[in-house]
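Notes for the one structure printed next.
The values are calculated or read from the model by the stated rules, or taken from the named source; none is laboratory data. What you see is a predicted model; the values in this text were computed from it and never measured. Quick reminder, even Gly has a Cβ in these numbers, built from the backbone with ideal geometry, and neighbours come from all protein chains shown.
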Amino acid sequence: MPKIKFIRENKEIDVLPGSNLRQAARNHGIQLYPGIFRFLNCHGFGQCGECRVHIKKGMENTSQPGLLERLRTKFSFFHIEHEHEVRLACQTEVNGDIEVYTRPEFNWFGRKNMAGR
Ligand code: FES
């Protein structure tokens, strides 16, 4: 059974293969959305980009991003220096163990301030 480790929350959960990452997080009380976006989001339709997560380990254990997700992340305002490891939780299926950093911060000032990431 795949394990999802939520790094920020220091919580590990077991899910069924093929589980949706957003739904799994919600089922276990993990907050994916920053600030007011917990109310103002697209509720899983892949449009708002606010459920973005940084997959720190196990990207190979997730589903391939679809066209909508690739476009949404490519043309987003956010920039965290790990764009190739960013997924939209609502569009991600979990098929093996992964480690996830929720609500990744913006990188306003470049690589210098990325210590500890
Ligand atoms: S909930 Fe809006 S993109 Fe995932």
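Consider region 87-107 and keep the residues that are buried (at least 21 other Cβ atoms within 10 Å of the Cβ) and of a type in the set (S, T, N, Q). The one that is farthest from the ligand (Cβ to nearest atom) is T92. Scanning region 62-95 for residues that are of a type in the set (S, T, N, Q), at pLDDT below 90 and either under 16 Å from N20 (Cβ atoms) or not in a helix (DSSP H, G or I) (or both) gives a single hit, S76. The set of residues in region 14-32 that are buried (at least 19 other Cβ atoms within 10 Å of the Cβ) and either outside any helix (DSSP H, G or I) or at positive phi (or both) comprises V15, S19, I30, L32. Within region 64-74, at least one residue is surrounded by fewer than 13 Cβ atoms within 10 Å (Cβ to Cβ) and closer than 15 Å to N95 by Cα.
Would you please name the residue that is farthest from the ligand (Cβ to nearest atom), looking only at residues in region 47-61 that are assigned to a loop (DSSP other than H, G, I, E, B) and surrounded by fewer than 19 Cβ atoms within 10 Å (Cβ to Cβ)? For region 47-61, the residue satisfying everything is G58. Only a single item in (1) within 13 Å of the ligand (Cβ to nearest atom); (2) within 21 Å of E99 (Cα to Cα); (3) among the aliphatic types (A, V, I, L, M); (4) without any contact (Cβ under 8 Å) to a residue 40 or more places away in the chain is not met by L32, and it is number (4). Among the residues making up region 35-46, those that are exposed (fewer than 13 other Cβ atoms within 10 Å of the Cβ) and within 9 Å of the ligand (Cβ to nearest atom) are H43, F45. Sub-8 Å Cβ pairs linking a first residue in region 92-117 that is within 16 Å of M59 (Cβ to Cβ) and charged (D, E, K, R) to a second residue that is at pLDDT below 55 and not in a loop (DSSP other than H, G, I, E, B), at least 6 apart or interchain, number zero.
Taking residues in region 39-54 that are over 10 Å from L88 (Cα atoms), and partners anywhere that are near the ligand (Cβ under 6 Å from one of its atoms) and not in a strand (DSSP E or B), the pairs with Cβ atoms closer than 7 Å and at least 6 places apart or on different chains are N41/C48; N41/E50; N41/C51; C42/C48.
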